[in-house]
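Trainee: Take a look at this one; I'll ask things after.
Laboratory data are not the source of any read-out in this text; all were calculated from the coordinates shown. On a predicted model such as this, the values are computed, not experimentally measured, just so you know. Every residue, glycine as well, gets a Cβ built from its backbone with ideal geometry; the counts of neighbours run over all protein chains shown.
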Amino acid sequence: MNVVLVTGASSGFGEAICRKLIADGYKVIGSARRLDKLTSLAAELGTNFLPLQLDVTQKDAVDNLLLGLPQGFKDIDILINNAGLALGMEVAYEANYDDWETMVHTNIIGLMHLTRVILPSMVERNFGYIINLGSTAGNYPYRGGNVYGATKAFVKQFSANLRTDLFGKKIRVTNIEPGLCGGTEFSNVRFHGDKNQADAVYQNVDFITANDIANTISWLVDTPAHFNVNSLEIMPVAQVPAGLAVSKEIK
Ligand SMILES: NC(=O)c1ccc[n+]([C@@H]2O[C@H](COP(=O)([O-])OP(=O)(O)OC[C@H]3O[C@@H](n4cnc5c(N)ncnc54)[C@H](OP(=O)(O)O)[C@@H]3O)[C@@H](O)[C@H]2O)c1
């Protein structure tokens, strides 16, 4: 039975991915900072689900991750680097610098930590799959996306470079690039708990859901071992990339 590690399992995509992969018959380690959420999920998902409190920005904790895993969960076959966040949507010259640093530490450095710790054992066994959660924000700029978009551009390029480093090995890498997805905590986190601002993002839009992403991952991990989806950009029908703008203000 394959073992999957899903980061950011306490809400949104991560939680839905854990539910789906447990239903598909995998053993799943679900990690996040909020242990209470993971414990509730464990009560629902049973003994094939292992809740793990882990802050991906804490290098020492990530370095020791494998040591603390019980038998039956030690050999991670599939790593889903999902933990991540956007903070703020101010333009670059007004943004909160601490928010910028938190996004870099979580979306870039956290993902690097996890990958560097798990990948060697995949290489040793010549078997594995890493799925990263990028974003359309890494492909197309939008006003206020500044550092968030840049972190996801890192995830895109890092995924492509991982593929290249893994040339000749039976290890797969995919970058999933979702557009507007609702029903997660993403916008609540982004707008620092301002529910009205968060709700407005999804008003009157038929958005993608966490279950859509979980079903996509369920399909990806079920594809044959010779088959690699390098990147997968997913948007709701209601969203298109329409970025070019012309200002009539500049004289
Ligand atoms: N929703 C969207 O529209 C959208 C679109 C494209 C890409 N994405 C990406 O998809 C991923 C999941 O987003 P989501 O919508 O499911 O958001 P979400 O509901 O806010 O979930 C984010 C998860 O990341 C975890 N997390 C945050 N900081 C962490 C840290 N330092 N250490 C460990 N875990 C941490 C959170 O858990 P704790 O707080 O318990 O630690 C939570 O479980 C993110 O990488 C996001 O950038 C989302």
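Trainee: Mind checking which pairs have a first residue in the range 210-232 that is touching a residue at least 60 places away in the same chain (Cβ under 8 Å) and closer than 20 Å to PHE158 by Cβ and a second that is acidic (Asp, Glu) and buried (at least 17 other Cβ atoms within 10 Å of the Cβ), Cβ under 8 Å, 6 or more apart or different chains?
Mentor: These pairs meet every condition: SER231/GLU177.
Trainee: Select from the range 6-21 the residues that are touching an Asp or Glu at 6+ places or on another chain (Cβ under 9 Å) and either farther than 15 Å from ILE217 by Cβ or more than 10 Å from the ligand (Cβ to nearest atom) (or both) and list them in ascending order.
Mentor: SER10, SER11, ARG19
Trainee: Of all residues in the range 165-221 being closer than 14 Å to ASN132 by Cβ and polar (S, T, N, Q), which is farthest from the chain's Cα centre (by Cα)?
Mentor: THR216
Trainee: Does LYS152 count as within 11 Å of the ligand (Cβ to nearest atom) and not in a loop (DSSP other than H, G, I, E, B)?
Mentor: Yes.
Yes or no, residue by residue, for (1) of a type outside the set (A, V, I, L, M); (2) touching a strand residue (DSSP E or B) at 6+ places or on another chain (Cβ under 9 Å); (3) surrounded by fewer than 20 Cβ atoms within 10 Å (Cβ to Cβ):
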residue: GLY138; (1), (2), (3): yes, yes, no
residue: ARG143; (1), (2), (3): yes, no, yes
residue: THR151; (1), (2), (3): yes, no, no
residue: SER159; (1), (2), (3): yes, yes, no
residue: ASP194; (1), (2), (3): yes, no, yes
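Trainee: Continuing with this model, one more query. More than 10 Å from the ligand (Cβ to nearest atom), more than 27 Å from TRP100 (Cβ to Cβ) and in a loop (DSSP other than H, G, I, E, B), is that true of PRO141?
Mentor: When the stated conditions are applied, PRO141 does not pass them.
Trainee: Just checking, does the range 211-229 include any residue being touching a Cys at 6+ places or on another chain (Cβ under 8 Å) and either within 16 Å of the ligand (Cβ to nearest atom) or among the hydroxyl-bearing types (Ser, Thr, Tyr) (or both)?
Mentor: Step one: list which residues in the range 211-229 are touching a Cys at 6+ places or on another chain (Cβ under 8 Å), which gives 212-213.
Next, only the ones that are either within 16 Å of the ligand (Cβ to nearest atom) or among the hydroxyl-bearing types (Ser, Thr, Tyr) (or both) stay: 212-213.
Yes: the range 211-229 contains one or more residues that are touching a Cys at 6+ places or on another chain (Cβ under 8 Å) and either within 16 Å of the ligand (Cβ to nearest atom) or among the hydroxyl-bearing types (Ser, Thr, Tyr) (or both).
Trainee: Filter the range 164-201 for residues that are more than 11 Å from the ligand (Cβ to nearest atom), in a helix (DSSP H, G or I) and within 21 Å of LEU232 (Cα to Cα) and give the result.
Mentor: Once the filter is applied, which keeps residues that are more than 11 Å from the ligand (Cβ to nearest atom), in a helix (DSSP H, G or I) and within 21 Å of LEU232 (Cα to Cα), the range 164-201 yields THR164, ASP165.
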